[in-house]
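Here's the structure, in structure tokens; my notes come after.
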Amino acid sequence: MTVMLYATTAATLFALGLYAVLVRTGLIHRLLAANVMATAVFLFLILVSAENPEGVDAIPQAMVLTGIVIAVSLTAFALALLRYLQAADDEEDQTGSQDGRQNGPD
Amino acid sequence: MGLTELSILLPVLMVFGPLLLALLVFLAQWQRSADWLGMGLGLILLALLTPFSGAVLLEGPLEMQLGGHDRGLAIPFYVDGLTLAMLWLNTLLFLFIQVYAGAWLQLKQPAPAAEFRPLFLLLWSGLNALFLSGDLFNLYVTLEITTLAAVPLVILSHGHAAMAAAMRYLLFALVGSIIFLLGVALVYAQAGLLSLPLLQEQAEPHPALTVALLAMTAGVAMKAALFPVHAWLPEAHASAPSPASALLSALVAKAAAYLILRLWMGPLEAQWTPAMAQLMGALGAAGIIYASIQALRQTRLKRVIAYSTVAQLGYLLLLIPMASVLAWNGVIYHALTHGLAKAALFLAAGNLIMVLRDDSLRNLAGCDRVLSKNILVIGLAGVAIAGLPPTGGFIAKWWLISAALESGQWWWAVVIGLGGLLAAAYIFRILSYAFFSPDPHQETPIHQAQGQLTRALVWPPVILAFLAIALGMAGGLLAPFLEIAAPVTGAQA
């Protein structure tokens, strides 16, 4: 019974996150939605670990730990990038220049 | 040194050499000495790869457990013909791009040197680890390492366009990696295994594993920019600094596509039906046609080359419906030729931009006279991508078309032929701008500016383009290497 509850929660969270990633346009929204999806996968892995007939399985737990580290670093990087992007947008608004391509390709 | 020691030393050196160097360069803020160290490392790896390839050919696929744990628990490395081919491509490209990037960073003002070099080395390490990994979870981790090194490389161009493109790339990569991890979790929940060789031996057909395969494929496809989830690639690859564009197009996107082939051929091959294989092939074919037509419509050089990458990655998927030794060799050969030629194209484009300050196709007018070596590279590499004889692309397409006809699936042969024609069209379109437009540069600064291109900038793309052509004469020599432990059946090439 509890297994079903956890599994359904994980599936619902994953679906909600995926829906928001596809439908929302705001970058922060999409980033948060991706994190919700990641949480759903972690929940599923913990469930796999707990449901091992020979006692708690350590491998999925190790996977979740590594996964959290990766998700946090990617999110932090994305947030930093978002701030730079925002600053660049503001600068463009202030100067009112139409020339967004002053920095051509390299 | 015996072959056994070598086969342990080389994979470890390939992962940890660039990684330690990246840390050193970042902490000590070395600049020029980092280039020399990187080139030295590249040469050492290249020298060791030759006997290593021979050892793998003689002794069969190499399976190695780091840390000496049991099978299934440790961090396993797995080397077969496909891995070997990708390691060669990786080492060659990083060596040549290292030479180019060192000179490029010296000329570029302002140069993002302090950021570029550690990221470059980290990407090298991550890609080597990805190609060597024989375990689903390690593949997930190495995919993330390559993403975290590749996305910042795009931002180094500065400018709003580059940052917006990088953000889009990052979001695709982030969602893709979570979907991939879901697939990995499903495999572990069902089979209790993560090691690819063990999965190949033990996995029984099961619907959960099919779902897992589809989830992993969808996740990786977002990173490989396979049609229809390719939208982020052209802008990101076109706005990255040129040495980085070369790495991203020739290796990073291909590494993700490599992973799809790795999963479908071998570990999870019992999990898919012929109809699913046809669908994968159809996605590849749609990508070839659609992206080639898009490449024909671009007005900027780097965007043409970037769309060409989306098209060329589509060919790799054609292995799945054909699944024969001929197709296996053809697809690996295609990956090798495309890697060399695409890196050459982006490096040459970087040179042109350095002089012309802009990569509009219209600006290329008259460049055949003043920047002739760079235009030559575009011609040679383009011919290799289009697959005219005697290039590597020709051998690849020959094998692929033979495989298609052999398996009675003539429709793939049509797609391959059409893709070659379209590729020739978009390459010759670039050349026609360079050759047949009136020269507006009679007295313009371009004549003086071309003097600043040093030999280290001009020659790496030329050599890479010639290598892409020389591959066409080495088909018979290399085929036995590609076939090492090929997880497909059928006649040998």
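How do B:43-52, B:361-370 rank on mean C-beta neighbours within 10 Å, highest first? Can you show the working numbers first?
Values: B:43-52: 15.7, B:361-370: 18.3.
Taking the mean over residues of other Cβ atoms within 10 Å, the ranking is B:361-370, B:43-52.
Let me test this: with uniform point scatterers at the alpha carbons of region B:275-493, what is the Debye-based log₁₀ I(q)/I(0) at q = 0.08, 0.11 1/Å?
With no solvent term, the Cα-only Debye profile gives -0.30, -0.54.
How much FRET efficiency would the formula 1/(1 + (r/R0)^6) give for B:Met39 and A:Met4, where r is the Cβ-Cβ distance and R0 is 60 Å, rounded to 0.05?
It comes to 0.55.
Restricting everything to alpha-carbon atoms, can you work out Rg to Rh for chain B with a Kirkwood hydrodynamic radius?
We get a ratio of 0.95 for chain B.
At a 1.4 Å probe radius, carbon and sulfur cover how many percent of the accessible area of chain B?
For chain B, the apolar C and S fraction of the accessible surface comes to 68 percent.
For the full complex of protein chains and a 1.4 angstrom probe, list B:Val56, A:Val48, A:Val23 by accessible area with the highest value first.
Largest accessible area first, the residues go A:Val23, A:Val48, B:Val56.
What aspartates and glutamates does B:Lys223 reach when the alpha-carbon gap must be under 13 Å and sequence neighbours fewer than 8 apart in one chain are set aside?
In chain and number order, the partners are B:Glu144.
To the nearest Å, what is the center-to-center distance of region B:233-312 and region B:175-203, using C-alpha atoms only?
Between the Cα centre of region B:233-312 and that of region B:175-203, the gap is 23 Å.
Give me a single rounded figure for A:58-66: the average over its residues of other chain Cβ atoms within 10 Å of their Cβ.
Mean partner shielding for this stretch: 3.
Per residue, how many Å² of accessible area does region B:29-155 show with a 1.4 Å probe? Could you put the intermediate results ahead of the total?
On the way: 4060 Å² over 127 residues.
Per-residue value: 32 Å².
Pop the C-beta distance of B:Arg455 and B:Thr50 into the FRET formula with R0 = 25 Å and round what comes out to the nearest 0.05.
With a Förster radius of 25 Å, E is 0.40.
What does the convex hull of the alpha-carbon atoms of the protein assembly as shown project to on average, in nm²?
That works out to 26.8 nm².
From the phi of every residue in region B:248-256, what ³J(HN,Hα) in whole Hz does the Karplus formula 6.51 cos²θ - 1.76 cosθ + 1.60 yield, where θ is phi - 60° and glycine or proline is x?
Karplus values, whole Hz, x for Gly and Pro: 5, 6, 7, 10, 5, 5, 5, 4, 5.
First select every other residue whose beta carbon is under 14 angstrom from the beta carbon of B:Arg297; then total the charges, Lys and Arg +1, Asp and Glu -1.
With Lys, Arg at +1 and Asp, Glu at -1, the net is +3.
Rg (Å, one decimal) plus Dmax (Å, integer) for the alpha carbons of region B:258-399?
Answer for region B:258-399, Rg first and Dmax second: 17.2, 57 Å.
Name the residues of region B:163-209 whose accessible area falls by at least 50 Å² when all protein chains are present instead of the chain alone, probe 1.4 Å?
When all protein chains are present, B:Met163, B:Met167, B:Leu170, B:Leu171, B:Leu174, B:Val175, B:Ile178, B:Leu181, B:Leu182, B:Ala185, B:Tyr188 each give up 50 Å² or more of accessible surface.
Give a residue-ordered list of calculated ³J(HN,Hα) values for region B:269-277 (Karplus: 6.51 cos²θ - 1.76 cosθ + 1.60, θ = phi - 60°; whole Hz; x for Gly, Pro).
6, 6, 9, 10, 9, x, 5, 5, 5
Just to confirm a number: summing +1 for Lys and Arg and -1 for Asp and Glu over residues other than B:Arg168 whose beta-carbon lies under 12 angstrom from that of B:Arg168, what do you get?
Net charge around B:Arg168: 0.
What Kirkwood radius, in Å to one decimal, follows from the Cα pairs of region B:1-272?
One over the average 1/r among Cα pairs gives 19.1 Å for region B:1-272.
Would you mind giving the total buried accessible surface between chains B and A, with a 1.4 Å probe and ligands, DNA and RNA left out, rounded to the nearest 100 Å²? Let's see the in-between values first.
Numbers: alone 18010 and 8200 Å², together 22800 Å².
Summing both sides, the interface buries roughly 3400 Å².
All other residues with a Cβ under 13 Å from the Cβ of B:Ser432 taken together, and with Lys, Arg as +1 and Asp, Glu as -1, what is their net charge?
Local charge sum for B:Ser432: +1.
Divide the volume of the convex hull of the Cα atoms of region A:2-93 by its number of residues and quote the answer in cubic angstrom per residue.
About 72 Å³ per residue, rounded to a whole number.
Rounded to whole Å and sorted largest first, list the principal axis extents of the Cα atoms in region B:97-215.
Computed over the Cα atoms, the extents are 58, 28, 15 Å.
Can you give the average number of partner chain beta-carbon atoms within 10 Å of each beta-carbon in peptide A:78-84, as a whole number?
4
The values are calculated or read from the model by the stated rules, or taken from the named source; none is laboratory data. This structure is a prediction, so every number in the text was calculated from the model and none was measured. As a convention, Cβ positions derive from the backbone with ideal geometry for all residues, glycine included, and neighbour counts pool all protein chains shown. Each accessible area value is taken on the protein alone, full model and side chains, heavy atoms only, with ligands, DNA and RNA left out. Shrake-Rupley method; radii C 1.70, N 1.55, O 1.52, S 1.80 Å.
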